[in-house]
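Here is the structure we will look at, set down as structure tokens.
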Amino acid sequence: MTTTGMTTTGSAQRAPRGAQAVPATRDGSAGDDRRGADGRDESHAERVDRELMELLNELRVALPGVQFLFAFLLVVPFQQATERATDFQRDVYFVTLVAAVAATALLIAPAAQHRALFRQHDEEDLLRRSNRLAFLGLCVLAVAIVAAVVLVVDFLFALPQALVTGSVVAAFLGWLWIGSPALQRARGSRTDG
């Protein structure tokens with residue numbers, strides 16, 4: 001169909017020669033510039049959907065690790081060697097077990113909420129909440145990993161070695177998971193501003 005020099009094909013509109021093409025939105029109306037700060041050509045809703053899917057995919061990386069740790073912790077009490085565990089080791093085991101359970105719950109929560117809120121059209125709120133849950137889940141997972149390392153090193157060697165090793169692992173995870181990204185963010189905001 002041709003009207004006043006413009007040809008319409010489906011929901012896309014072609015401008016006459018020399019005119020600027022205006023991208024169409026999902027409803028077929030001419031929309032504003034769809035390019036975000038990262039240069040992607042997507043609407044706000046498309047960006048939120050993409051970011052939510054990226055978050056859920058990232059959680060697929062963390063979940064096997066926390067599930068493996070949790071499964072290991074469930075088997076430990078039934079081993080004969082636990083009879084010679086000290087009170088400190090039992091306390092650290094308890095902290096590790098609770099942290100692994102909490103990390104599992106927090107890291108699975110975004111997927112569960114995404115499924116429970118299916119077609120409720122509130123993806124942006126779900127994305128914000130899921131991002132907080134995932135970050136908190138990773139922090140609690142770090143606690144579980146550090147406590148598990150302290151437990152094993154104390155059981156096999158000695159408490160001073162366990163505390164030093166746990167501190168090194170905590171610093172390493174803290175830098176990789178929080179420190180380095182925070183530094184990158186600070187650098188990015190300085191160059192953007």
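So which residues in the stretch 146-155 are open to solvent by 40 Å² or more (accessible area, probe 1.4 Å) and in contact (Cβ under 8 Å) with a residue 60 or more places away in the chain, if there are any at all?
Listed by number, the list holds a single entry, 155.
If I ask for residues that are more than 18 Å from the chain's Cα centre (by Cα), under 22 Å from residue 103 (Cβ atoms) and buried (at least 17 other Cβ atoms within 10 Å of the Cβ), which ones from the stretch 61-85 would you list?
69, 70, 73, 76
Looking at the stretch 123-134, can you tell me whether even one residue there is within 26 Å of residue 43 (Cα to Cα), buried (at least 20 other Cβ atoms within 10 Å of the Cβ) and of a type outside the set (A, V, I, L, M, F, W, C)?
Yes, there is a match, as at least one residue in the stretch 123-134 is within 26 Å of residue 43 (Cα to Cα), buried (at least 20 other Cβ atoms within 10 Å of the Cβ) and of a type outside the set (A, V, I, L, M, F, W, C).
In the stretch 104-145, how many are of a type in the set (Asp, Glu) and without any contact (Cβ under 8 Å) to a residue 12 or more places away in the chain?
Number satisfying all stated conditions: 2.
Residues checked against (1) outside any helix (DSSP H, G or I); (2) open to solvent by less than 30 Å² (accessible area, probe 1.4 Å); (3) modelled with pLDDT of 80 or more:
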| position | (1), (2), (3) |
| --- | --- |
| 88 | no, no, yes |
| 94 | no, no, yes |
| 99 | no, yes, yes |
| 102 | no, no, yes |
| 107 | no, yes, yes |
| 111 | no, no, yes |
| 115 | no, no, no |
| 118 | yes, no, no |
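The values are calculated or read from the model by the stated rules, or taken from the named source; none is laboratory data. This is a predicted model, so every value here is computed, not measured. As a convention, Cβ positions derive from the backbone with ideal geometry for all residues, glycine included, and neighbour counts pool all protein chains shown. Heavy atoms of the whole protein, side chains included, go into the accessibility calculation; ligands, DNA and RNA do not. Shrake-Rupley method; radii C 1.70, N 1.55, O 1.52, S 1.80 Å.
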